[in-house]
1. If TYR98 satisfies every condition in (1) surrounded by fewer than 15 Cβ atoms within 10 Å (Cβ to Cβ); (2) at pLDDT 95 or above; (3) not polar (S, T, N, Q) but one, which is the exception?
2. Here is a list: VAL53, VAL40. Which entry is modelled with pLDDT of 95 or more and out of contact with any Pro (no Cβ under 8 Å at 6 or more places or on another chain)?
3. For segment 12-128, which fully contained helices (runs of 4 or more DSSP H) count at least 3 residues that are without any contact (Cβ under 8 Å) to a residue 60 or more places away in the chain and within 21 Å of GLN170 (Cα to Cα)?
4. Can you work out which of the residues in segment 6-35 that are in contact with a strand residue (DSSP E or B) (Cβ under 6 Å, 6 or more places away or on another chain) and among the charged types (D, E, K, R) is farthest from MET89 (Cα to Cα)?
5. Considering only residues of segment 11-27 that are surrounded by fewer than 16 Cβ atoms within 10 Å (Cβ to Cβ) and either out of contact with any Leu (no Cβ under 7 Å at 6 or more places or on another chain) or among the hydroxyl-bearing types (Ser, Thr, Tyr) (or both), which is nearest to LYS179 (Cα to Cα)?
6. Does at least one position in segment 64-83 carry a residue that is closer than 22 Å to PRO166 by Cβ, surrounded by 23 or more Cβ atoms within 10 Å (Cβ to Cβ) and among the charged types (D, E, K, R)?
7. Any idea which of ILE161, ILE178, ILE174 is within 22 Å of PHE33 (Cα to Cα) and touching a residue at least 12 places away in the same chain (Cβ under 8 Å)?
Amino acid sequence: MALTPSTMLPLGTPAPDFALPDTDGSTVKLADFAGRPLLVMFICNHCPYVKHVAAELARLGRDYAPKAGIVAINSNDVANYPDDSPGKMKTEKKQRGYTFPYLYDETQKVARACNAACTPDFFLFDKQHRLAYRGQMDGSRPGNEVKNDGKDLRAALDAVIAGKTPDPRQTPSIGCNIKWKA
């Protein structure tokens, strides 16, 4: 496990176009969220940092789905990390109670387009699909005793949904590095 921070992609960057398979067999596209804010979360099944925030990810999904699009994307190399395979993603989604699409980025093109670096890594795009927030969910990390409440990400979501700009002082997310293909 390599502790890796977010790259902090420049604010205003357009969302990358995507069409990725969900665990239910459907294809989810960027165009499905036209005119709505969109939260893109790079996660996986095996990362201890993702496991640490999984319950809050599920709460975020339930709380914000009516107001914003939300997708999780797994871009890990499943040949070398089979715990992140699409079949196991389906099980993970059900066990965790995720109500949002959990997409598989087999080619890793979407992760590369976002400059995603770690799991979890969060990218919030406004209604025009321009990057408004990239950074941590909150200050909680495994073992640091900080409450895992999604404070930073929730504040950014609330601002974007209200048509406002989130605070530009944003703290990088930290987690396991994305497992890139050779």
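1. TYR98 satisfies every listed condition except (1).
2. Sole residue among the options that is modelled with pLDDT of 95 or more and out of contact with any Pro (no Cβ under 8 Å at 6 or more places or on another chain): VAL40.
3. Where helices (runs of 4 or more DSSP H) fall fully within segment 12-128, none carries at least 3 residues being without any contact (Cβ under 8 Å) to a residue 60 or more places away in the chain and within 21 Å of GLN170 (Cα to Cα).
4. Filtering segment 6-35 for residues that are in contact with a strand residue (DSSP E or B) (Cβ under 6 Å, 6 or more places away or on another chain) and among the charged types (D, E, K, R), the one farthest from MET89 (Cα to Cα) comes out as LYS29.
5. ALA19
6. No, because not a single residue in segment 64-83 is closer than 22 Å to PRO166 by Cβ, surrounded by 23 or more Cβ atoms within 10 Å (Cβ to Cβ) and among the charged types (D, E, K, R).
7. ILE161
The values are calculated or read from the model by the stated rules, or taken from the named source; none is laboratory data. Since the structure is predicted, the reported quantities are computational estimates derived from the model, not experimental observations. For neighbour counting, all protein chains shown are included, and Cβ atoms are generated from backbone atoms with ideal geometry for every residue, glycine included.
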